[in-house]
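Written below as structure tokens is the structure these notes are about.
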Amino acid sequence: MKLRRLIAGASALLMASSLAMVTGCSKGGAVDVGIVLPTKDEPRWIQDEAQFLELLKGNASVQLLFSQGDSNKEKQNVEALLNKGIKILIICPHDATAAAAAVEAAKKDGVTVICYDRLITDTDAVDYYVTFDSVSVGEAQGQFLIDSIEPDSKGNPLYLYAGAASDNNAFLFFEGAWKALQPKIADGTFVIKNSDKAVALQNKNSLSRTELSDIINQVTTDWNFDVAKKKAADNLTMAKASDKGACYVLAPNDGTARAISDEFSKDPAVTSFVITGQDAELASQQYIVDGRQSMTVWKNTSILAADAVAMATQVLDGTIPETTSTYDNGKIEVPAKQTAVTVITKDNIDLLVDANYNGAKTQLRFE
């Protein structure tokens, strides 16, 4: 009910604003709000597409394009939207650095640039950032692994995985997880089994960007299910039986968590494992119900999309959008609006069912 009120409220805000007038005054296919998302091949981004279009339906002139994991296609998408006369660009980049050229072209055209979910780095052509607190997502994942171990237990095998090295969020997720886990790595509670780069840095709680990069480049999944599956299989092949048993696995998101879970489930030397995730994808909700994934961090994209739409509305109204933080993108401090996250386990998955998040109410199977 709360989620429906939030979405309804965002739609009402749009209708009362200048953004709501766009449809009536658009000529020759002009578009005021352009949205670029990284790919339509992952459930997460199809979900975001549906939420944006629902929020803006009947209220705004909008065009949404997918870049399909290609920075050149992403730049072409932005150029196509600029040719439509957009005033606002909402963009989630495929590659945080490569996307700088695309948004710089938008800024030259006087377009307000709002980064959505992922921050574009090394450019001053970003006006705002709408995001979940990515460091807190990683901290929640790391803390969950810590809370899952037996008190005073030592030598627990820990396998680390990360998102794409091209995604600034992957660094923030891993930074948060590392800050939580590192003290328990340093005191021997956990023993890292699949990254000598991480082992070399295990006594440092605060890592530089370069140090984070060294680890992430070794354990990256590229946000790709097949890459995650192969990396997990290779890690388990290389590991000795004594490096297995009851395992603890930092998986960066739901899709990679399921791929990694499938590999750990097949290894007879793995007696049990605790594995993290994020995004509350329907398939991972089912994995949690079935005991094949331990948790997911619910980043309610309905609220995130509503925050982005409300910010666009405020800009078009000529008002300064509400922000709650800033993020350093390597060039400037970008004003940001942060959205809270929730840890979901088998014990509280009813929160997703009650919200019918990703169709949980009708599609989850409880046996």
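Comparing Cα centroids, segment 348-367 and segment 197-265 end up 29 angstrom apart. Applying the criteria of a DSSP loop state and at most 11 other Cβ atoms within 10 Å to the chymotrypsin sites (Phe, Trp or Tyr not before Pro) of segment 274-334 yields no site.
Under a 5 Å amide H cut-off, with hydrogens placed 1.01 Å from N, residue 36 pairs with 65, 90, 91, 92 among residues at least 5 apart or on other chains.
Split the accessible area of the chain by element, probe 1.4 Å, and carbon with sulfur accounts for 50%. Peptide packing for 303-311, 359-367, 211-219 was compared via the average number of neighbouring C-beta atoms within 10 Å per residue; ordered from the highest value, the list is 303-311, 211-219, 359-367.
Taking a ≥ b ≥ c as the square roots of the eigenvalues of the alpha-carbon gyration tensor, segment 183-235 is classed oblate because a/c is 1.5 or more while a/b is no larger than b/c. Would you please classify the overall shape of segment 212-302 from the alpha carbon gyration tensor, given that a ≥ b ≥ c denote the square roots of the eigenvalues, rounded means a/c under 1.5, and beyond that prolate means a/b larger than b/c while oblate covers the rest? Oblate.
Sparsely packed loop sites in segment 230-308 (the trypsin sites (Lys or Arg not before Pro) outside DSSP H, G, I, E and B with at most 16 other Cβ atoms within 10 Å) comprise 240. Restriction of the trypsin sites (Lys or Arg not before Pro) in segment 47-107 to DSSP coil positions whose beta-carbon has at most 13 other beta-carbons within 10 angstrom yields 57. The residues of the chain expose, per residue, 41 Å² of accessible area to a 1.4 Å probe. Under the simplified labelling scheme, the residue 266-residue 227 pair shows an inter-label distance of 2.0 nm, with each label point 7 Å from Cα along Cα→Cβ.
For the chain, just say rounded, prolate or oblate: build the C-alpha gyration tensor, square-root its eigenvalues into a ≥ b ≥ c, call rounded for a/c under 1.5, and beyond that prolate if a/b exceeds b/c, oblate if not.
Prolate, because a/c is 1.5 or more and a/b exceeds b/c.
Measuring between alpha carbons in the structure, the pairs from 240/361; 231/299; 204/240; 57/229 lying more than 31 angstrom apart are 240/361; 57/229. Evaluating 6.51 cos²θ - 1.76 cosθ + 1.60 at θ = phi - 60° for every residue in segment 158-173, the Karplus couplings come out as 10, 10, 9, 9, 9, x, 6, 5, 7, 9, 4, 4, 4, 5, 5, 4 Hz, glycine and proline recorded as x.
Compute the helix-to-body angle for 301-316: its Cα long axis versus the longest principal axis of the chain, expressed 0 to 90° and rounded to tens. Roughly 30 degrees, rounded to the nearest 10.
Using a cutoff of 8 angstrom between alpha carbon atoms and counting only pairs six or more residues apart, the relative contact order for segment 213-356 works out to 18 percent.
The values are calculated or read from the model by the stated rules, or taken from the named source; none is laboratory data. These figures come from a predicted structure and were not determined experimentally. No Cβ is skipped: glycine too gets one built from the backbone with ideal geometry, and neighbour counts run over all protein chains shown. When the accessible area is computed, the model is the full protein with side chains, heavy atoms only, and any ligands, DNA or RNA have been set aside. Shrake-Rupley method; radii C 1.70, N 1.55, O 1.52, S 1.80 Å.
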